[in-house]
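Only one structure is covered here, and it is reproduced in the block below.
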Amino acid sequence: MASTVDQVTQRRRGVGLIAHDPALSAGGYTLIAPQTADGHVYLVDIEGRVAHEWKLPVRAGRHAVILPNGNLGYNGNHPRSPDRYAPWSMWHGGDFYEVTPQGEIVWRHEDPDHHHDAQWLPNGHLLYAACAPVPAGFAERVPGGTAHGSGEVMYGDVIREVDRSGRLVWEWKAWEHLAPEDFPIHPGFGRYHWPLVNGLGVRADGSVLMSLRTTSGIIAVDKASGAVTLHIPPSVVSHQHAPVALDNGHILAFDNGNFREGAHVAFSRVVEIDPADHRVVWSYQDEMVNAFYTAFMGNAQRLWNGNTHITESATGRLFEVTPAGEVVWEYILPWFAEYPDAAARRTGPGRLNSVFQTWRYQADQLPWLGAAGRLS
């Protein structure tokens with residue numbers, strides 16, 4: 001006889017709107033593209049109600065954003081991307097769409113080499129992380145990591161920028177600009193992807209921020225020369241995601257903390273870093289540190305009132321904190337499902353409500369919303 005108790009632990013603890021302080025929250029609408037929601041994207045108001053919904057032809061590869069023109073930018077899971085290594089099916093994207101609020105697809109770009117992050121730039125270009133096998137003899141120079149078998153292929157990051165016609169306008173290859181000896185893979189990660197750029201950002205000077213997952217650390221790259229102009233080392237962050245250039249010149253990042261040096265438990269935090277001296281000038285972590293932790297994915301967004309919107313990806317937990325670290329809004333994704341393909345389920349098993357990144361928007365960034373908070 002099967003138990004009547006819900007066997008999904010996260011769902012059993014409560015979903016939807018958990019907490020809200022209207023006096024301290026920034027308000028707005030949160031855009032959510034769950035990893036296992038079969039291409040559904042939800043815009044949720046501050047009370048946890050679905051204000052609008054899209055249905056895309058493919059499941060989310062990574063995330064969705066609202067573009068300056070009010071359309072949806074969607075990073076879909078490319079159905080014909082070759083299975084490069086074990087986690088590839090779970091985390092690749094490569095099927096990009098721009099979609100109107102009414103669901104009309106007005107632009108599409110495909111790149112089966114894409115994985116993880118993508119940035120929709122103000123000029124309409126798309127900047128994203130792809131990968132390719134490293135040149136012969138290069139893998140032997142990369143220290144660290146755990147090998148998973150003889151003949152294992154090592155992939156290196158190739159950052160690409162394309163224009164609206166899909167034409168490649170910029171490309172950066174990790175093996176051409178990073179000395180492998182200076183970027184060893186942590187022993188807790190495999191050797192199949194180096195240094196695994198899982199997050200991108202653009203600074204005011206046009207340089208590109210890159211979050212290095214398997215080696216840990218954040219770099220900035222000059223687009224003209226390809227040279228590294230900034231390196232925030234693993235002593236500051238631990239296998240982080242989502243570097244964001246703030247208006248004050250600082251860098252906001254989601255610091256996952258998988259193998260945090262000196263810590264007896266794993267915990268995540270959000271950090272604001274001064275790139276001039278690598279000093280953490282602001283951070284958020286739970287007072288019981290391991291109560292806030294996601295081993296993979298995650299992002300943070302500085303809101304218009306100074307609060308910070310945080311995505312604890314693995315648990316589908318979204319929350320907002322004040323500069324003082326007080327939680328003023330919390331929401332748990334109610335959409336649970338397994339990954340549809342067996343390859344992804346091997347890396348990400350179970351009924352999940354996980355999400356790569358989420359973003360909060362003000363009503364004036366959604367001009368198609370009517371006075372009732374729905375599509376007008």
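The values are calculated or read from the model by the stated rules, or taken from the named source; none is laboratory data. Please read these numbers as outputs of a predicted model, since none were measured by experiment. A quick note on method: Cβ atoms are made from the backbone with ideal geometry, for glycine too, and the neighbour counts reach across all protein chains shown. What goes into the accessible areas is simple: the full protein's heavy atoms, side chains included, and nothing from ligands, DNA or RNA. Shrake-Rupley method; radii C 1.70, N 1.55, O 1.52, S 1.80 Å.
In table form, for the structure just shown:
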| read-out | value |
| --- | --- |
| Compactness of segment 307-376 as Cα Rg over 2.2 N^0.38 Å, two decimals | 1.44 |
| Share of pairwise Cα separations in segment 102-164, more than 15 Å, in percent | 63 percent |
| 5 angstrom amide H check on residue 303, placed H, neighbours 5+ away | 308, 309 |
| Distance (nanometres) between label positions extended 7 Å along Cα→Cβ at residue 266 and residue 181 | 3.2 nm |
| For segment 173-218: rounded, prolate or oblate by the Cα gyration tensor [a/c cutoff 1.5] | prolate |
| Heavy-atom accessible area per residue - the chain, 1.4 Å, Å² | 40 Å² |
| Extension gain, residue 67 back to residue 371 (0.36 nm per residue minus Cα-Cα distance, nm) | 107.4 nm |
| Prolate/oblate/rounded label for segment 250-349 (Cα gyration tensor, a/c 1.5) | prolate |
| Protection-proxy order for peptides 319-331, 221-233, 66-78, each taking the mean of Cβ atoms within 10 Å per residue, highest first | 66-78, 319-331, 221-233 |
| Label-point gap, in nm, between residue 235 and residue 7 - each point 7 angstrom along Cα→Cβ | 4.9 nm |
| Heavy-atom accessible surface of the chain: percent carbon and sulfur, 1.4 Å | 51 percent |
| The chain: calculated mean residue ellipticity at 222 nm from DSSP helix runs of at least 4, using -39500 (n - 2.57) | -1000 deg cm²/dmol |
| C-alpha center-to-center spacing [segment 87-113, segment 232-247] in angstrom | 26 Å |
| Rounded if a/c under 1.5, otherwise prolate or oblate - segment 1-75, Cα gyration tensor axes | oblate |
| Net lengthening on full extension, residue 136/residue 110 (0.36 nm per residue, minus Cα-Cα) | 6.6 nm |
| Residue-span extension gain [residue 123 to residue 341] - 0.36 nm each, minus C-alpha spacing | 74.9 nm |
| Inter-label distance for residue 248 and residue 291, nm, one decimal - labels placed 7 Å from Cα along Cα-to-Cβ | 2.6 nm |
| Ellipsoid semi-axes in whole angstrom, largest first, where each is sqrt(5λ) of the Cα gyration tensor of the chain | 30, 24, 23 |
| Order by protection proxy (mean Cβ within 10 Å, highest first), peptides 102-108, 247-253 | 247-253, 102-108 |
| Highest average packing first - 283-290, 172-179, Cβ atoms within 10 Å | 172-179, 283-290 |
